[in-house]
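Here the structure comes first, spelled out in structure tokens, and everything after it is commentary.
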Amino acid sequence: MSEVGKRVPSAPEYSSDDPAGRRTYGVAAALEVIMARAASMNAAGQLEAEMDNLSRYADRIQQALEGSKG
């Protein structure tokens, strides 16, 4: 896991009033998920399909991080 990935769980603490910061953590976490899955991808186009879903994954992770503040 990258250094960014290790810091994702603490994202709400560091960026609670910074929407761009929250988005950065969401995208970083989504990229970590895609990187973890990349090793097992064997069909052509799988990585491209995952990258096409990056924004959707980031949205969901960002929502989860925002929900964990309470």
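Give me the residue from segment 14-30 that is among the small types (Gly, Ala, Ser) and in a helix (DSSP H, G or I) and, out of that set, modelled with the lowest pLDDT.
Checked segment 14-30; the qualifying residue modelled with the lowest pLDDT is 15.
I need every pair where a residue in segment 17-33 that is under 18 Å from residue 47 (Cβ atoms) and open to solvent by less than 50 Å² (accessible area, probe 1.4 Å) has its Cβ under 9 Å from the Cβ of a residue that is part of a loop (DSSP other than H, G, I, E, B) and at pLDDT 80 or above, sequence separation at least 6 or different chains.
Within 9 Å, the pairs are 30/53.
Taking residue 65 as meeting all but one of (1) open to solvent by less than 90 Å² (accessible area, probe 1.4 Å); (2) modelled with pLDDT of 85 or more; (3) under 11 Å from the mean Cα position of the chain (by Cα), write down the number of the exception.
Of (1) open to solvent by less than 90 Å² (accessible area, probe 1.4 Å); (2) modelled with pLDDT of 85 or more; (3) under 11 Å from the mean Cα position of the chain (by Cα), only one is false for residue 65: (2).
The values are calculated or read from the model by the stated rules, or taken from the named source; none is laboratory data. In this text, all values refer to a predicted model and were calculated from it rather than measured experimentally. Reconstructed Cβ throughout: ideal geometry from the backbone, glycine too, with neighbour counts over all protein chains shown. The area values use the complete protein model at the heavy-atom level, side chains included, leaving out ligands, DNA and RNA. Shrake-Rupley method; radii C 1.70, N 1.55, O 1.52, S 1.80 Å.
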